[in-house]
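*Asks:* Okay, here's the structure, questions in a sec.
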Amino acid sequence: MATEPQPPRDESFAASLHRLAQSLLTALITRQEILSTELAEERMNLATLAMVALIVLFCLQVGLTFAILFFVLIVAPEHRPMAVGIAALVMLLGAGGGALWLRAWLKSRPPMFAATVAELRKDRERMKGGA
């Protein structure tokens, strides 16, 4: 009885399994690279936003303080309490409007890691379609 050579099907199965593992690893590496890129972008955006916001708030606070001081000083002494009250009301209304705008802006921003989530959804759909 001669020994039969190993059927090519086993080699093909092992090769297919190896290719599948390589494809999965490549997909995972790609997704990790996308996620790390988005993380770096978001970190830079957040740092920039924080720095600019602090500078703007500081300048706005100093400017408004001097503007209110100027407004109070040019009003007649008997009307100064009313001038301070009006200035305070204007400042509070401005702060409320700014808070509303900021809330709307934060709601309208695209979600973080949108590209990563989109790629993972595509992967899930491909796996469902192939199964």
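The values are calculated or read from the model by the stated rules, or taken from the named source; none is laboratory data. On a predicted model such as this, the values are computed, not experimentally measured, just so you know. In this analysis, Cβ positions are derived from the backbone assuming ideal geometry, glycine residues included, and neighbour counts consider all displayed protein chains. Remember, those area values only see protein heavy atoms, side chains included, never the ligands or the DNA or RNA. Shrake-Rupley method; radii C 1.70, N 1.55, O 1.52, S 1.80 Å.
*Asks:* What Kirkwood Rh does the stretch 4-119 have if only Cα atoms enter the pairwise 1/r average? Answer in Å.
*Replies:* Value: 20.3 Å, from the Cα pair sum.
*Asks:* For the chain, find the longest principal axis of its Cα atoms and tell me its angle to the long axis of helix 114-130, 0 to 90°, nearest 10.
*Replies:* 30 degrees
*Asks:* Now for a different question. What is the magnitude of the charge dipole of the chain about its Cα centre, with +1 placed on the Cβ of each Lys and Arg, -1 on the Cβ of each Asp and Glu, and no other charges, expressed in debye to the nearest 20? All intermediate terms of the calculation are to be shown ahead of the outcome.
*Replies:* Numbers: 13 positive and 11 negative charges, 86 e Å.
Dipole about the Cα centre, nearest 20: 420 debye.
*Asks:* For Thr26, put the label point 7 Å out on the Cα→Cβ axis and report which residues of the stretch 96-131 keep their amide N under 20 Å from it.
*Replies:* Hits in the stretch 96-131 for Thr26 at 20 Å: 116, 119-131.
*Asks:* I want to check the label-to-label distance for Ser36 and His18. Put each point 7 Å from Cα in the C-beta direction and report it in nm to one decimal.
*Replies:* 2.7 nm
*Asks:* Moving to a separate point now. Using a 1.4 Å probe and ignoring any ligands, DNA or RNA, find the accessible area of Phe58 and quote it in Å² to the nearest 10.
*Replies:* My reading of the accessible area for Phe58 is about 130 Å².
*Asks:* Taking the Kirkwood radius as the inverse of the mean 1/r across Cα pairs, report the Rg/Rh of the stretch 59-131.
*Replies:* Values: Rg = 25.4 Å, Rh = 16.7 Å.
So for the stretch 59-131, dividing Rg by the Kirkwood Rh gives 1.52.
*Asks:* Roughly speaking, what is the stretch gain from Lys128 to Met44, that is 0.36 nm per residue apart minus the C-alpha to C-alpha distance, in nm to one decimal? Don't skip to the answer; put the middle values down first.
*Replies:* Details: separation 84, 0.36 × 84 = 30.24 nm, distance 3.61 nm.
So the extension gain works out to 26.6 nm.
*Asks:* What's the angle, to the nearest 10 degrees (0 to 90), between helix 8-74's Cα axis and the longest principal axis of the chain?
*Replies:* Helix 8-74 and the main axis of the chain meet at about 0 degrees.
*Asks:* With every protein chain kept in the model, how would you rank Glu33, Glu38, Glu78 by accessible area, 1.4 Å probe, largest at the top?
*Replies:* On the way: Glu33 100, Glu38 25, Glu78 130 Å².
So, going from the largest accessible area down, we get Glu78, Glu33, Glu38.
*Asks:* Right, another one. Can you give the accessible area of His18 in Å² (nearest 10), computed on protein heavy atoms with a 1.4 Å probe?
*Replies:* It works out to around 110 Å².
*Asks:* Pick out which of Leu28, Leu100, Leu120 has the largest mean-square fluctuation in a Gaussian network model of the chain, springs linking Cα atoms closer than 10 Å.
*Replies:* Largest GNM mean-square fluctuation: Leu100.
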